[in-house]
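Taken together, the values in this text are just the output of simple stated rules run on the coordinates, not laboratory data. Note that the structure is predicted; figures quoted are calculated from it, not measured. Ideal geometry is used to build each Cβ from the backbone, glycine not excepted, and the neighbour counts take in all protein chains shown.
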Amino acid sequence: MADWSPSVALQFKPVLDAAPDAMVITDRVGRMVVVNSEAERLFGYGSGELLGSPVETLIPERFRTAHPHHRNRYFLDPRTRPMGGAGGVELFGLRKDGTEFPAEISLSPLETEDGMFAITAIRDVTVRRKLESHTKALLEAAPDAMVIADRRGKVLLVNAQAERLFGYTREELLGQRVEALIPPRFRAAHPAHRTRYFDEPRPRPMGAGGLELYGLRKDGTEFPAEISLSPLETADGLLAITAIRDVAERKRAEEDRARLHAQLQATLEELGAAYDKSQQLERLKTQFFANVSHELRTPLALILGPADELLASDLPPGPRRDVEVIARNARTLAKHVNDLLDVAKLEAGKMALELSDVDVAQLVRLVAAHFDALAASREMAYSVEAPATLAARVDPDKLQRVVFNLLSNAFKFTPEAGKVRCTLRVEPEGAGSAPDLAIEVADSGPGVPPAERETVFARFTRGDDDTARRVGGTGLGLAITRDFVELHGGRIALGEAPEGGAIFSVHLPLRAAAGAPAGQGTGEGASEYGAGVVEELRSRATKPAATGERGRPLVLVVEDNPDMRRFVGDALSGEFEVATAPDGEAGLAAALARPPDAVVTDMMMPRMSGEELVRAARRHDALAGVPVLVLTARADDALRAQLLRDGAQDYLMKPFSPEELRARTANLVSVKLAREVLQRELRTQTSDVVALAGEVAARKRELEAALEVTRLAKEEAERASAVKTNFLRLVSHELRTPLTTLHLQLQRLTRDTEHPLEPHQREIVRRGSFAATRLTGLVEALLHEAQLASGRLSVAVEDVDLGALVAKVVEEHRPLADDKGLALRLRARDHVPWVETEPRFLKLILSNLVGNAVKFTAAGVVEVGVEGRGDELRVEVRDSGPGIAAEDRARVFEPFERGVRVAEQFVPGLGLGLAVVRDLAAAIGATVELSSSSSAGSTFTVTLPRRQPSAARGVSSRRGGRREGEKGGTSSATEEKSS
């Protein structure tokens, strides 16, 4: 045995001894030249005992005869491979004591200066086979990754979930140390943890105490893990079952939950601070109301007192009317001041009842009498139904305020010749309850919708209908009424009256609520309040002065919405005489009947729109000089420009302020009136002025003629452009239908198995399919050209992963490049920044450029590069094609233009691709630069802003001026580079 190679043993023995498996190195004749310590232990031999022995010593007798043949075949084709696995052959090893064991064996060639050797790795799989037979089905059914290992940490068995989780195959994991599944920073300490576990084996989770655990996949990525250990007693000793679960999703969910909790906590704190602030503001508001009310009462008293004295004296009719206006408005103001003061007291909790025994019937009749004259002047059916007497203990001032407010509300909303009814009665006793007094106020007004019957009692709230807006008010009367009723321990309800309007029903106990402060109220304080209520109603009932007062400029308001028509009329009525019309047709008739000084018209109206009204007015000489102000909600620059061309002088976007409306209207009226004054003055001037005017008019006509020629030329150019655009769109759409049919028929021919085509027929069909596909691309290019020319492409900006988008474009063009034998390369950093842009447009730009580069490069390389420079990102498409001639570099970006070389070479295409690229790039704020030479091919560089300028958002792409070297693009991935 002296022939074995000592140099190989010296070189490889230390290395093999560190391996976890049994390792044997044999030469070509099967002699063992190196045996590691694990192999000696596994087979039961002493150190060095196997050296020089034939490897068949380790093989059971029944396999030895065939083994040399297998060994010779291996050395004829030496490569790393497992033994026995291909055909499912079971392999066995033979120990020195004659016992056999199932083995897993792999071979690897070892070429040295001494010749070719074979390294054999032998693994005893006895325990694994037993485990597999007993636990395989159980492990595979487990939802988690399961790994079984022995005391030394060798992996004996894994399930499919472990393969998926860690990215290894089962064969790669078996025999490995479990430390291979642990990140390197934890490996040094792990054997000690494993030893302690085998010393005290029991089911337990790992990572107790908040320790973060991680697993390591084959690709080097880590994941947070939840791990639990369980001991497994077998005939061959104690093993450990490890269950591993990827908790990355749970970690993210917990982090999201923690973040949301923090946000919720911050929001709650903000809400708490906002609530405290609102409470403080509420207190300040209450204090403000009280201060204002008190401060206003003194000057009001100084107004009302002298006014009443003057009215009691003998005044001439003119001054008396003036003083009556003063007194009426002072009482109305006093009523509002009292309301504000009451609200302040109620909110501060300082309002108390001043009770006294009162004849409520007499109180109601006295309050109702304040409205007799008003009812008569408005020809209303007004009735009061009350018993002769009705004694109750109430606060007379507050009860009078309740009745005043309810009657005032009824008169406000009831039209002339309507009905108002006030009823007082005693409600009979109910079961276990004392009788109540009931006050009802009903009217024949519009009523209150059920959905609003609760909100009308809220402070500073009024109805939303036209009537509520017309009658006005502070929105405090009903709120104070309910508060006063509830102070008495009563209730108030709102329903539908038999008269057709609203009915308010108040129910009060005949005796005030127990514990209410008692006093001797007189009810005298409410009389002044009642006078203010009635005066306010009289002022509202007074018909306003006619808007058609002569001597003021007349403005015609044309608006179909009644609310807007009233708003505009009210806004203008202070400075102008206002006439109104509900639509353009009625407005035109009104303007012709009495030409106004200005027309204010809405845009969208039935029967005749504002646009049509402007054109119709300009066809009438009487209205030729009347300025028109158009109100519009459409933010359409083209429409507004067209309105100005049709003869409108100004436009105002909704919503607008009354001040701006008045200012613009006043400007138009002033210009019109000034023009009329000048015209009248000119008519009175001397003949020199007339001659001068004639000369000016002649020059004006000449200028108008020149402008007309220019306009006709412009319209002709626009018509030509429109014809081209419509033609392209029509051709594209009309060709799509037959092309679709053609594609379907060609597909049927290729798939017809009953009548297979001859080879030359298949070639014809193939060519037809290619032509149809090409034609479809050309039609799509035409359609995109039409869309761009008509400005119907809009930009939808979003954050885009530029690296992923460029990689996708490159992969889409790789099959074509492979067919041509071209190298298509992507050059980009590992982390390409995201960009804010329109992804559809950018993809189409890059598809055109990469497609052109592949198309026009006969041999060599097409390279796509991505790089960032400050606030910009650049994408370069470089090819090794023939290049673009200098004289063609400006033309190739024009629609339907192609380079001379391309035309000469009969390369198919329409010449739209780069025009599309230029226009789409302009739409997203990008630029496209071209550099080319006949020796180095062409390079197209797309420069993108990382953040999209606001001007590019939501804007249609339109063709504008073109500069050499700065291009932009559209949506055809089919077209051309003039290389």
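Can you tell me the dipole magnitude for segment 353-511 around its Cα centre, using point charges on the Cβ only (Lys, Arg +1; Asp, Glu -1), in Debye to the nearest 20?
It comes to approximately 240 debye.
Just to confirm a number: summing +1 for Lys and Arg and -1 for Asp and Glu over residues other than Asp21 whose beta-carbon lies under 14 angstrom from that of Asp21, what do you get?
With Lys, Arg at +1 and Asp, Glu at -1, the net is -2.
Note down the magnitude of the dipole of segment 142-235 about its Cα centre, charges +1 on Lys and Arg C-beta and -1 on Asp and Glu C-beta and zero elsewhere, to the nearest 20 debye.
Values: 14 positive and 13 negative charges, 51 e Å.
Charge dipole, segment 142-235, about its Cα centre: 240 debye, nearest 20.
Sticking with the crude label model, points 7 Å out along Cα→Cβ, report the distance from Arg202 to Tyr275 in nm, one decimal please.
4.9
Rounded to a whole number of µm²/s, how large is the Stokes-Einstein D of segment 794-945 at 10 °C and 1.306 mPa s, given Rh as the Kirkwood radius over C-alpha pairs?
101
For segment 12-129, what is the relative contact order in percent, using Cα pairs closer than 8 Å and at least 6 residues apart in sequence? Can you show the working numbers first?
Details: 198 pairs, mean separation 31.1, N = 118.
Rounded, it is 26 percent for segment 12-129.
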